[in-house]
Structure formats: C-alpha cells, structure tokens
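The structure under discussion appears below in the form of structure tokens.
Laboratory data are not the source of any read-out in this text; all were calculated from the coordinates shown. Keep in mind the model is a prediction, meaning the values are calculated, not measured. In this analysis, Cβ positions are derived from the backbone assuming ideal geometry, glycine residues included, and neighbour counts consider all displayed protein chains.
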Amino acid sequence: MIETDVLVIGAGPIGLFAVHQLGIIGLKSEVVDNLDKIGGQCIELYPDKPIYDIPAIPECTGEELTKNLLKQIAPFKTNFHLNDRVEEIKKDGSKWKITTNKKKLFIATNIIIAGGVGSFEPRKLLTKDAEKFEGKSIFYSVKDKNLFKNKKICIFGGGDSALDWAIELSNFSEVAIVHRRLEFRGAPLSIQTVKNLEKKGKVKIFAPYQLKSIEEDENKTLKSINLIDDDGKMKKLETDYVLGFFGLIMQLGPIVNWGLNLYKKTIQVNTENFQTNQEGIFAIGDICTYPGKLKLILSGFHEAALAARACYKLARPNEKYRFEFTTTSKNIKGRLGIDPNKK
Ligand SMILES: Cc1cc2nc3c(=O)[nH]c(=O)nc-3n(C[C@H](O)[C@H](O)[C@H](O)COP(=O)(O)OP(=O)(O)OC[C@H]3O[C@@H](n4cnc5c(N)ncnc54)[C@H](O)[C@@H]3O)c2cc1C
C-alpha cells in the first residue's frame with residue numbers, strides 16, 4: 001500500500017505539471033499511467049511535431065516538451081507507475097483508496113485526474129478466439145523482444161510499429177507481415193527496408209490479407225493462422241507468435257464508474273479549484289470540462305496550479321496555505337534543491 005498526499009492519474013503534460021505545482025508547495029504525489037511511457041498525447045501521438053503555443057517557448061516538439069517537464073519535476077523524485085490503469089476509487093474515511101489494474105493500492109487525500117481523452121489502448125484483432133491467446137501467443141506491444149527470438153512471428157499492421165518490429169525481429173526470427181491493404185503507411189525508409197528484406201528472404205509479406213481464424217494444437221497452444229485475401233483466397237501460416245500493431249484507441253474506461261458528473265466523455269469541474277462533484281477529486285487538462293474550456297496544454301497548466309492549491313487545503317487541514325512566488329520563496333527553492341539564499 002502506498003500513501004501519498006495526491007495520486008495523479010495520467011502522465012501527460014498536465015499530470016506532469018501538476019506534480020510540479022504540488023511539489024513546490026510541499027505535497028507528495030505518485031503518478032499512474034496506462035501507457036508504458038511518460039508524456040500522454042505529446043509522446044504517443046506527435047513526438048516529432050512542433051508545438052508553437054507553449055508560453056515563452058516559441059517552438060518545441062511533443063518529445064522536447066515532455067523532457068523539459070520531466071526535468072522541471074526531477075527534484076521531487078516522483079514515482080511513476082506505468083503500464084498500469086487506475087480501475088477503482090473508493091472513499092476511505094477522509095481519504096481515497098485507489099486500486100489499479102495490477103492490484104496496486106494507494107491511499108491518498110486527493111486525486112487529480114489528468115486522464116486526457118482516457119486511457120490509450122491498443123486496437124485488437126477481432127477474430128474469434130484472439131482474446132483467448134492474448135498475453136500468451138498474441139501481443140499488441142513488445143515488452144521483451146527476447147521472447148520472440150528464434151521463433152516464427154506473424155506481424156499484423158501497415159504502420160511504423162509493424163514495420164519497425166518486422167525489421168528488428170527479422171535479425172533473429174522468421175518474420176511474416178500481414179497487412180489488409182497493398183500499400184504500407186510507415187516511413188518510406190522503413191517500407192524500403194522491409195521490401196529489401198523480403199527480396200533477401202528474411203521477411204515474408206502478405207498484403208492485402210486479413211486474419212480469418214486461429215488454430216491450436218492439442219495443448220491449446222497457438223499453432224497456425226489462416227489468412228484470407230480480398231477474393232476469398234485462403235493461406236495458412238504456421239506461427240509461434242502473433243503481434244498486432246493497429247494503432248491505439250482512447251477509452252474513458254473505468255473513469256465512468258467513479259460517480260463523477262460527466263458531460264460528453266469529460267468530467268465537469270468548477271473553475272475555482274477544478275474540483276469535481278466529489279470532494280478531494282480534481283480533474284484537469286483535456287479530461288475536464290467547464291464553460292469556455294479550451295483543450296490546450298496552456299489551459300491545463302493553469303488548471304493544475306489551482307487544483308494543487310486546493311489539494312493543499314485538504315492534505316494539510318491544520319496549516320494555512322501561503323501564496324509565494326518561486327523567485328523569492330526560500331521554501332520553494334529548498335524544495336527544488338536550490339540554495340535558498342541564492343538571489
Ligand atoms: C496531433 C495533435 C497535436 C496537438 N497540438 C497541440 C498544440 O499545438 N498545442 C496545444 O496546446 N495542444 C495540442 N494538442 C492537444 C494536447 O496534446 C492536449 O491538450 C494535451 O496532451 C492534454 O494533456 P493531458 O495531460 O490532459 O492528457 P493526455 O496527454 O491525453 O494524457 C493523459 C494520460 O492519462 C492516461 N490515463 C487515462 N486514464 C487513465 C487511467 N484510468 N489510469 C491510468 N492512466 C490513465 C493516458 O494513458 C494518457 O497517457 C495536440 C493534440 C494532438 C493529438
């Protein structure tokens with residue numbers, strides 16, 4: 001069980017800045033994110049694209065913004081619980097009890113939901129039985145490539161992830177790529193590399209083909225898959241593992257069950273402190289809504305600043321919150337690991 005002042009749900013830009021705002025006023029926080037990396041939409045959807053409307057930063061990419069936000073919160077040594085999703089929250093006296101997918105338990109006075117458009121989840125194979133093999137022979141991400149060494153791998157998808165993993169795994173395994181269209185969508189260099197590997201016999205390409213059915217052996221282990229093309233022609237492929245890279249979908253997921261006032265897949269908050277209809281639960285960033293809400297990073301930063309101050313009042317009920325500037329506060333400088341006497 002992990003006790004903290006604030007549990008932050010979501011490691012997107014707004015969750016990260018919330019950690020900063022909590023840290024400078026002396027509150028501890030822990031962060032949970034469903035993804036395997038920090039940065040939310042900035043990292044998952046547009047790491048290389050330039051952003052032009054972060055105040056005082058004329059231009060930075062999604063990745064650069066994430067790196068700088070992480071640098072800014074480094075002094076607080078925050079724990080990130082990645083690849084885990086907050087499933088359930090329950091009132092526990094004056095605190096909140098939070099349980100994740102991986103059965104981690106947090107006790108926190110406050111929860112800040114910075115869940116963006118919900119948790120990102122992989123699009124999955126729809127074929128009957130695919131779910132049965134998930135996590136055993138069918139995967140939608142690669143956590144440890146050693147699992148796929150010297151095996152027969154079938155990779156589904158036509159984008160960068162599918163092509164990159166086909167290139168990587170072809171170094172030590174038999175790789176087939178299956179794509180439902182003739183044309184691939186990935187980077188031109190990756191497409192060319194895969195075509196060259198096909199010529200050398202290191203990769204097989206089946207396009208346009210789709211998965212029709214899965215066959216198992218007597219031990220109920222995946223043995224082969226049947227593919228079908230647009231004309232109904234079938235092809236059987238013996239395979240040990242199937243990897244699917246069909247992109248991500250965003251789902252509000254368990255958030256809908258937390259007793260919060262929702263409006264069109266967003267959480268209603270008041271603009272005084274971004275608290276929801278539940279005391280001690282705040283929502284900031286893309287996930288919150290109020291009259292005039294703009295789904296911009298800079299708006300989320302403001303929301304984080306106000307929510308953090310409201311968290312302080314609940315986490316330190318016997319202490320008075322004193323507004324301080326970072327430029328002049330010795331307390332804040334101390335928390336940031338800066339010499340408090342530095343001018
Ligand atoms: C292509 C594109 C370009 C953009 N360009 C700009 C721009 O130029 N300027 C600008 O200001 N904005 C831009 N935006 C919007 C900006 O990216 C969003 O406003 C911002 O990412 C919102 O941040 P967030 O932290 O609220 O949410 P997100 O970045 O969506 O992060 C939320 C995180 O919460 C996690 N999560 C959700 N639910 C759970 C749960 N139950 N348990 C655990 N984790 C959970 C998700 O996995 C995700 O990582 C752009 C967006 C896109 C898609």
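How big is the antiparallel share of DSSP beta bridges in the chain, given as a percent to the nearest 5?
50 percent
Rounded, prolate or oblate for segment 1-69? Axes are the square roots of the Cα gyration tensor eigenvalues, ordered a ≥ b ≥ c, and the cut-off for rounded is a/c under 1.5.
In terms of gyration-tensor shape, oblate.
Give the lysines whose C-alpha is closer than 18 Å to that of K49, dropping any in the same chain fewer than 8 places away, or say none.
Straight-line reach from K49, under 18 Å: K37, K67, K295.
Given the options C60, F172, L126, identify the residue whose Cα lies farthest towards the positive end of the charge dipole of the chain (+1 on Cβ of Lys, Arg; -1 on Cβ of Asp, Glu).
Selected residue: C60.
DSSP loop GluC sites (Glu not before Pro) in segment 54-156 with at most 14 other Cβ atoms within 10 Å of their Cβ, which ones?
Loop-located and lightly packed - E59.
Name the aspartates and glutamates eligible as straight-distance cross-link partners of K265: C-alpha to C-alpha under 12 Å, and not fewer than 8 places from it in the same chain.
D286
List the relative contact order of the chain as a percent without decimals, with contacts defined as Cα pairs under 8 Å and 6+ residues apart.
19 percent
Compare the peptides 15-23, 286-294 by average per-residue count of other Cβ atoms within 10 angstrom and give them in order, highest first.
Ranked from most to least packed, the peptides come out as 15-23, 286-294.
Which value in nm describes the separation of the simple spin-label points at R123 and S141, placed 7 Å from the Cα toward the beta carbon?
1.8 nm
Using only the alpha-carbon atoms, how far is helix 62-73 inclined from the longest principal axis of the chain? Give it as 0 to 90 degrees, nearest 10.
It works out to around 40 degrees.
Got a sec? Charge dipole of the chain, +1 on Cβ for Lys and Arg, -1 for Asp and Glu; which of S190, L163, I297 is way out at the positive end?
Projecting each Cα onto the dipole axis, the largest value belongs to I297.
Net charge around K204, counting only other residues with Cβ within less than 11 Å of its Cβ (Lys, Arg = +1; Asp, Glu = -1)?
Its environment carries a net charge of +1.
Rounded to the nearest 10 degrees, what's the angle between the helix 13-24 long axis and the longest principal axis of the chain, both from Cα atoms, 0 to 90?
30 degrees
Given the Cα atoms of the chain, and with Rh set as the inverse mean 1/r over their pairs in the Kirkwood sense, what is Rg to Rh to two decimals?
Value, to two decimals: 1.05.
Under 15 Å from the Cβ of F274, count the other residues' Cβ atoms, weight Lys and Arg +1, Asp and Glu -1, and hand me the total.
So the surrounding residues net to 0.
Suppose R0 equals 30 Å; then what is the FRET efficiency for A207 and E63 from their Cβ-Cβ distance, rounded to the nearest 0.05?
With a Förster radius of 30 Å, E is 0.45.
Please report the spacing between the Cα centers of segment 247-276 and segment 1-40 in Å, no decimals.
Using only Cα atoms, the two centres lie 17 Å from each other.
Run the paramagnetic zone check for K223: 7 angstrom along Cα to Cβ, then residues of segment 152-190 with backbone nitrogen under 17 Å.
Taking a point 7 Å out along Cα→Cβ of K223, the residues of segment 152-190 whose backbone N falls under 17 Å are 152.
Once you charge only the Cβ atoms, +1 for Lys and Arg and -1 for Asp and Glu, what is the size of the charge dipole of the chain about its Cα centre, to the nearest 20 debye?
Computed about the Cα centre, the dipole is about 500 debye.
In debye to the nearest 20, how big a dipole does segment 93-177 give about its Cα centre with +1 on each Lys and Arg Cβ and -1 on each Asp and Glu Cβ?
Dipole of segment 93-177, to the nearest 20 debye: 560 debye.
Can you pull the percent of Cα pairs in segment 192-314 with separation above 25 Å?
Of the Cα pairs, 54 percent sit more than 25 Å apart.
Roughly speaking, what is the stretch gain from N83 to E238, that is 0.36 nm per residue apart minus the C-alpha to C-alpha distance, in nm to one decimal?
Computed gain between N83 and E238 is 52.7 nm.
With a sphere of radius 14 Å drawn around the Cβ of G115, what net charge do the other residues whose Cβ falls strictly inside it have (Lys, Arg +1; Asp, Glu -1)?
After counting each charged neighbour, the total is -4.
D339 versus Q251, label points 7 Å from Cα toward the beta carbon: distance in nm?
Distance between label points: 5.4 nm.
Quick one: compute the contact order of segment 191-300, relative version, from alpha carbon pairs under 8 angstrom and 6+ residues apart, as a percent.
12 percent
Using the alpha-carbon centroid of each, what span in Å lies between segment 101-126 and segment 203-241?
First find each Cα centre; the distance between them is then 33 Å.
Just to confirm the number: angle between the C-alpha axis of helix 188-199 and the first principal axis of the chain, 0 to 90 degrees, nearest 10?
Long axis of 188-199 versus the principal axis of the chain: about 30 degrees.
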